[in-house]
Amino acid sequence: MTKLTLWIGGLLVATGVIAYIVTAAASVTALIPAFVGILLVVAGLIARKPDLHRHAIHAALVIALLGALGSLSRVVKLGEVFDGTSEVPAAIIVSTIMFVLLVIYVVAGVRSFIAARRAREGSSGTAA
């Protein structure tokens with residue numbers, strides 16, 4: 001999960017910076033994916049320490065879940081981009097990219113936690 005955290009964080013930073021440049025720095029909100037990405041990268045770097053790994057990944061997943069929920073208000077307007085009626089198509093596209101990346105990350109994290117729990121329960125069951 002540490003590598004995935006760093007990758008997703010890096011992709012979000014790149015998405016935010018590219019969005020900011022492409023929109024000619026029209027709004028600092030284009031950098032929101034970058035801010036979320038920086039938090040994930042920091043959590044990923046902290047997760048490299050074995051004693052902090054679990055807490056850092058949990059924190060990263062909370063950040064990812066909040067980021068996905070926060071971007072959802074723009075994602076639901078994706079149809080407007082295809083209709084050509086959106087006032088802020090770039091914001092909707094960037095929010096959708098952020099949403100997809102964060103949902104992938106949260107799903108991977110939940111699967112990882114389930115696998116780890118099963119492994120712990122399996123190993124404790126054989127030791128008894």
Each label point is 7 Å from the Cα along the Cα-to-Cβ direction; what then is the distance between the points at ILE38 and GLU121, in nm? 4.1
Most fluctuating residue given options THR23, THR96, THR85, as computed from a GNM of the chain linking Cα atoms under 10 Å: THR85
Cβ-based exposure ranking for TYR20, TYR105, in which fewest neighbours within 10 Å come first: TYR20, TYR105
Convex hull per residue volume in Å³, alpha carbons only, for the chain: 99
Under 12 Å, Cβ to Cβ, from THR96 - net charge with Lys/Arg +1 and Asp/Glu -1: +1
Among PHE82, PHE99, PHE113, which comes first, then next, by fewest other beta-carbon atoms within 10 Å? PHE82, PHE113, PHE99
In degrees rounded to 10, the 0-90 angle between helix 2-22 Cα long axis and the longest Cα principal axis of the chain is 10
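Rule-based calculations on the coordinates, nothing more; no lab input. Please read all numbers here as calculations on a predicted model, not as lab measurements. Cβ sites come from the backbone with ideal geometry, for glycine too, and all protein chains shown count toward neighbours.
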